[in-house]
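Engineer: Got a structure here, written out as structure tokens. Questions coming.
The values are calculated or read from the model by the stated rules, or taken from the named source; none is laboratory data. Bear in mind that the values here come from a model prediction, so they are computed numbers and not experimental data. Every residue, glycine among them, receives a Cβ derived from its backbone with ideal geometry; neighbour counts consider all protein chains shown. For the accessible areas, the whole protein counts, side chains as well, though only heavy atoms, and no ligand, DNA or RNA atoms are used. Shrake-Rupley method; radii C 1.70, N 1.55, O 1.52, S 1.80 Å.
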Amino acid sequence: AVVSTQSTGDELLESTGRSIKVEKQVPLTLDEGSLIAFDMAPVEMGKLGQGKARDAFLKALTRDNTQLLFNSLFSLPSSYVEKAICVQLPAPTTRIPREKPIPKPKAPTKWEAFAKSKGIQKKKRGRIIYDEVAKEWKPRYGYKKAGSDKEQNWVVEVPENGDPYKDWLGDKEDKKKEKVAKNELQRLQNISKSVKLQSESISQTVKQAHKSTASLGKFQEKNKDEKKAKAKGKHQKFAPVSGDATSEKEKSLALINKIASSSVTVNKDKAAKQELGATIKRSREAERENRATKRRSKMGVKAQSNHFDKKKRKVSGPSKPGSKR
């Protein structure tokens, strides 16, 4: 970045009548790259005052801080360009927030999406191409391209079942024009699609900003041609709990009539299959429970017999060697 000025420090001193030398107890934090100066010194409330005295104090303080910022700028390397002093600013050190959100990437066109899915990479082709038939260099597009096409495509092979009296050269030119028109139509469709996406994103942002107020945008001022925002999604409606007995009676009668009417058909085969499946499932569960009960009873009998055997051995005492019991 470059800052230019037409006057020097002496001229400023002569025009304003104030000194360019300012002394402060707490030095400023300067960011020449962003042209920002931060004054961290505490303000004495006695000097601040009220009304005109406060305004005069703040103006004098702002003037002194601005003078210190300009003094720092004049201390940077400078040069004369067209009778003006130009200063090369350093890189900014203060991170300033963006005024607007980061722009979203553009939606890819049909061809870009197809090329990405197929792995096709764009290659830059030269404007001149060598013609093997004519043994010379010819333009691929642009100036003199039409003349070279006429020289090269002066004859067209007629298909075996084709009409020999048909203008095949004119048919080829018509197909080329149709192809060009198709490409132009696709280009315009891509432009309209991108514009539509941008307008939708802008309208969505405006709606969100309106709803961010305490009244959810009810008292928010609208633009001239702005439409009323419609809430998207399904809204479930519930019947009133009390007060409307007539509608409740009608709904109950309609439900009873529907159940009692002969128009209600029952799929007997499906009902029989469901009942058979439920019966088989209940029988399997009962059989599984019986097996588990028998297993537990057998384990209990075996444990009891082992317990009584151990008690008998303790009462009889240890057996003598060589004796049989």
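Engineer: Can you tell me how the range 85-159 classifies by the Cα gyration tensor, rounded, prolate or oblate, using a/c under 1.5 as the rounded cut?
Structural biologist: prolate
Engineer: Something else about it: Rounded if a/c is under 1.5, else prolate if a/b beats b/c, else oblate: with a ≥ b ≥ c from the C-alpha gyration tensor eigenvalues square-rooted, which is the range 60-100?
Structural biologist: Judged from the Cα gyration tensor, the range 60-100 comes out oblate (a/c at least 1.5, b/c at or above a/b).
Engineer: Just to verify a number: FRET efficiency for Arg95 and Asn71, C-beta to C-beta distance, R0 = 22 Å, to 0.05?
Structural biologist: Approximately 0.35, to the nearest 0.05.
Engineer: Now for a different question. Extent of the range 55-197 along each principal axis, from alpha carbon coordinates, in Å, largest to smallest?
Structural biologist: 98, 40, 30
Engineer: Stretch Leu216-Thr62 to full length: gain in nm at 0.36 nm per residue minus the Cα-Cα span?
Structural biologist: Additional length available on full extension: 51.4 nm.
Engineer: May I ask you to compute the full-extension gain from Ala53 to Ala209, defined as 0.36 nm times their residue separation minus their alpha-carbon distance, rounded to one decimal in nm?
Structural biologist: 52.1 nm
Engineer: As an exercise, use a Förster radius of 41 Å and the Cβ-Cβ distance of Ala41 and Lys83 to find the FRET efficiency, rounded to the nearest 0.05.
Structural biologist: 0.60
Engineer: With a 1.4 Å probe and all protein chains left in place, how much of the accessible area of the range 16-137 comes from carbon and sulfur atoms, in whole percent?
Structural biologist: 58 percent
Engineer: Okay, moving on. Per 0.36 nm of contour for each residue apart, how much would the distance between Lys270 and Ala107 grow if the chain were fully extended, relative to their Cα-Cα spacing?
Structural biologist: My answer for the length gained is 53.6 nm.
Engineer: Specify the inter-centroid distance of the range 24-69 and the range 164-199, based on alpha-carbon positions, in whole Å.
Structural biologist: So the separation of the two Cα centres works out to 65 Å.
Engineer: Enter the accessible area per residue of the range 39-167 (Å², integer; probe 1.4 Å; all protein chains in place).
Structural biologist: It amounts to 91 Å² per residue over the range 39-167.
Engineer: Which entries of Lys100/Lys237; Lys116/Lys144; Lys24/Lys83; Lys100/Lys211; Lys211/Lys237; Lys110/Lys172 have Cα-Cα distances beyond 28 Å here?
Structural biologist: Lys100/Lys237; Lys116/Lys144; Lys24/Lys83
Engineer: Between Glu184 and Ser261, what is the spin-label point distance in nm, taking each point 7 Å from the Cα along the Cα→C-beta axis?
Structural biologist: 6.1 nm
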